[in-house]
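Heads up, the thing below is written out as structure tokens.
The values are calculated or read from the model by the stated rules, or taken from the named source; none is laboratory data. Keep in mind the model is a prediction, meaning the values are calculated, not measured. Glycine gets a Cβ as well: all are built from the backbone with ideal geometry, and neighbour counts include every protein chain shown.
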């Protein structure tokens, strides 16, 4: 497919880079029309799977060795394992890595095992792990169940209107916790031989100490209240008579299995919930040849990347997200809407619209289901972020007079707008799942029990609404901008919940404000632009480490990456004075464009080993492989369009 005339490309490095990037993306498109890039994560997924094989007593020696090789490759210089590239050793990842190697037969006397053990102890040992990691140890008899927070299966009975119910928690927590509640009742531990146990990972004398959560701070506080509740639940668990327990277990099983059936590639289509559900099914007596268990196993194995150089496990799959972004990048860079690759992608996306009421309906009684999920099939969990991105893609692919496309767009837009929360912002999966006291529940130490409203998502909604000509004076827009202003940091930046970090958040907000028609010369917006410019590295690029989630002093600081440079550039372009094209001719923008042009690989992509995607801040991060292919292309295309006096491609749909 010829995208630009060769003569023009030869004379213009920008056009040449854009053309190479377009050709690269088109090569990566699947025959069915979608794209899906790999999601690279830390070593804990392979470690967890080794633990599962030993718990289930179903050890595949070849698969175990592949997992072990991956774990060994990811061990860092101080003996531990980290949770993002270049990060420090982290206690949960390090204990799991050590345990997986020991279960696989690596002797504690081996040098790498001694180094790992020393690292674990420096980090405080097993007592410093989070609840979910300790539970996996408890399954193998290496942590006492009595010190784990109770996950009461009776919570399945709590009505949606009650102050606490499973629908007051984030969708990912809900999907993880229902299987864990079943396990909490049965406590299905497996005994290990003495040579496989982990006594050496407890600081001297601590293994016999109290290992539960301790009261802290004021006596009358939410954390202490929940610890008292947990103590009561533990006492009740010892009673022989547990009214309603069997009914609760049956309800939890039904809830879980319903969401593992057709239309879903596993429970929540995400690794932790899928693994927990496999353990729960086995605990409930499901045999390997049971149709549901067999499907769950196939779904789980769909996360495997059997690379002969390095076996890996992905946390989930990202075809909808990747396809939407790639479609936007190709269209904004000049690939015609009527071209076969664009139309194939648009048809594939349109077919993935979710048309049932999933878990979201508990907190949002919008009667007309729509939306898109992140994965191939995940009908119970469409999310607002994917829906925003898909709509921004489909607005560029429809044709005037296409009644079906217009109807789909309007239906999805109504669904998306129904998720605006009380504070004016948008969260990812649910509406108003923001009760902060839930963060003090003992089993909430994974830092993700809520689904908070986010500046980055709210900025993206504004961007979409601006492109389709939505009423700037509407209450929806007014409340969203109020939320944006209320969440701005003192230095002008915005926090990024779903990408690393303040660069991501600030870029997305600035694009939203420009699209919706805000005056970009307002002091509060200029402050955001100045902050972005101040973060530019000496090489002309931008980068930000995941450590900025732990230490805000590191915001906007890190090795330059292609994706973060692209985000910063698009933010700065959005923040330029729209009254004159000369505003694009700034040193920061010129150097950022040069950074991308100089570092493009011969195949049209960009190198990017760094992690720039966020799963759960401070807990779990992702490297989206597709980000090094699509975001730089979109940034270059945006720069070219604005420089030529144009802007973003027009929408087929107008509000």
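How do the helices (runs of 4 or more DSSP H) wholly within region 3-63 filter down when requiring 2 or more residues that are at pLDDT 95 or above and outside the structural domain of residue 604 (by TED's automatic domain parsing): which remain? Spell out how you get there, then give the answer.
Numbers: elements: 6-11, 13-28, 44-56.
By residue number, 44-56.
Looking at the structure I just gave you, is residue 245 in contact with a strand residue (DSSP E or B) (Cβ under 6 Å, 6 or more places away or on another chain) and over 21 Å from residue 353 (Cα atoms)?
Working: in contact with a strand residue (DSSP E or B) (Cβ under 6 Å, 6 or more places away or on another chain): no; over 21 Å from residue 353 (Cα atoms): yes.
The answer is no for residue 245.
In region 268-291, which residues are assigned to a helix (DSSP H, G or I), under 23 Å from the mean Cα position of the chain (by Cα) and more than 18 Å from residue 184 (Cα to Cα)?
Correct list: 268, 269, 271.
Could you go through region 373-381 and let me know if any residue there is surrounded by fewer than 19 Cβ atoms within 10 Å (Cβ to Cβ) and not in a helix (DSSP H, G or I). Walk me through how you get there before you give the answer.
Here is the first cut: in region 373-381, the residues surrounded by fewer than 19 Cβ atoms within 10 Å (Cβ to Cβ) are 376-377.
Now narrow it down to the ones that are not in a helix (DSSP H, G or I): 376-377.
Yes.
List every residue pair whose Cβ atoms lie under 7 Å apart, where the two residues are 6 or more positions apart in sequence or sit on different chains, the first residue falls within region 104-115 and is over 18 Å from residue 93 (Cα atoms), and the second residue, located anywhere, is assigned to a helix (DSSP H, G or I) and at pLDDT 95 or above.
From residues that are over 18 Å from residue 93 (Cα atoms), the pairs are 107/113.
Would you mind telling me which numbered condition in (1) assigned to a helix (DSSP H, G or I); (2) closer than 24 Å to residue 610 by Cα; (3) in contact (Cβ under 8 Å) with a residue 60 or more places away in the chain; (4) not assigned by TED's automatic domain parsing to the domain that holds residue 500 residue 87 fails?
Looking at each condition in turn, residue 87 falls short on (1).
Could we say that residue 128 is more than 26 Å from the chain's Cα centre (by Cα) and surrounded by fewer than 23 Cβ atoms within 10 Å (Cβ to Cβ) here?
On the way: more than 26 Å from the chain's Cα centre (by Cα): no; surrounded by fewer than 23 Cβ atoms within 10 Å (Cβ to Cβ): yes.
When the stated conditions are applied, residue 128 does not pass them.
Please state which one of 653, 639, 621 is touching a residue at least 60 places away in the same chain (Cβ under 8 Å) and assigned to a helix (DSSP H, G or I). Give the derivation first.
Values: 653 fails: assigned to a helix (DSSP H, G or I); 621 fails: assigned to a helix (DSSP H, G or I).
After applying the criteria, what remains is 639.
Would region 44-52 turn up any residue that is touching a strand residue (DSSP E or B) at 6+ places or on another chain (Cβ under 7 Å) and either free of Cβ contacts under 8 Å to residues at least 24 places away in the same chain or closer than 30 Å to residue 22 by Cα (or both)? Step through it out loud before you land on a result.
Quick first cut of region 44-52, residues touching a strand residue (DSSP E or B) at 6+ places or on another chain (Cβ under 7 Å) only: 45-46, 49.
From what is left, the residues that are either free of Cβ contacts under 8 Å to residues at least 24 places away in the same chain or closer than 30 Å to residue 22 by Cα (or both) are none.
Within region 44-52, none of the residues are touching a strand residue (DSSP E or B) at 6+ places or on another chain (Cβ under 7 Å) and either free of Cβ contacts under 8 Å to residues at least 24 places away in the same chain or closer than 30 Å to residue 22 by Cα (or both).
Hey, does region 355-364 have a residue that's free of Cβ contacts under 8 Å to residues at least 12 places away in the same chain, farther than 25 Å from residue 624 by Cβ and assigned to a loop (DSSP other than H, G, I, E, B)? Explain how you work it out, then say what you get.
Step one: filter region 355-364 for residues free of Cβ contacts under 8 Å to residues at least 12 places away in the same chain, giving 361.
Going one step further and asking which of them are farther than 25 Å from residue 624 by Cβ, we end up with 361.
Next cut, assigned to a loop (DSSP other than H, G, I, E, B) only: none.
Within region 355-364 (the criterion being free of Cβ contacts under 8 Å to residues at least 12 places away in the same chain, farther than 25 Å from residue 624 by Cβ and assigned to a loop (DSSP other than H, G, I, E, B)), the answer is no, since none of the residues qualifies.
Can you name the condition, by its number, that residue 494 falls short on among (1) outside any loop (DSSP other than H, G, I, E, B); (2) buried (at least 24 other Cβ atoms within 10 Å of the Cβ)?
That leaves (1) as the condition not met.
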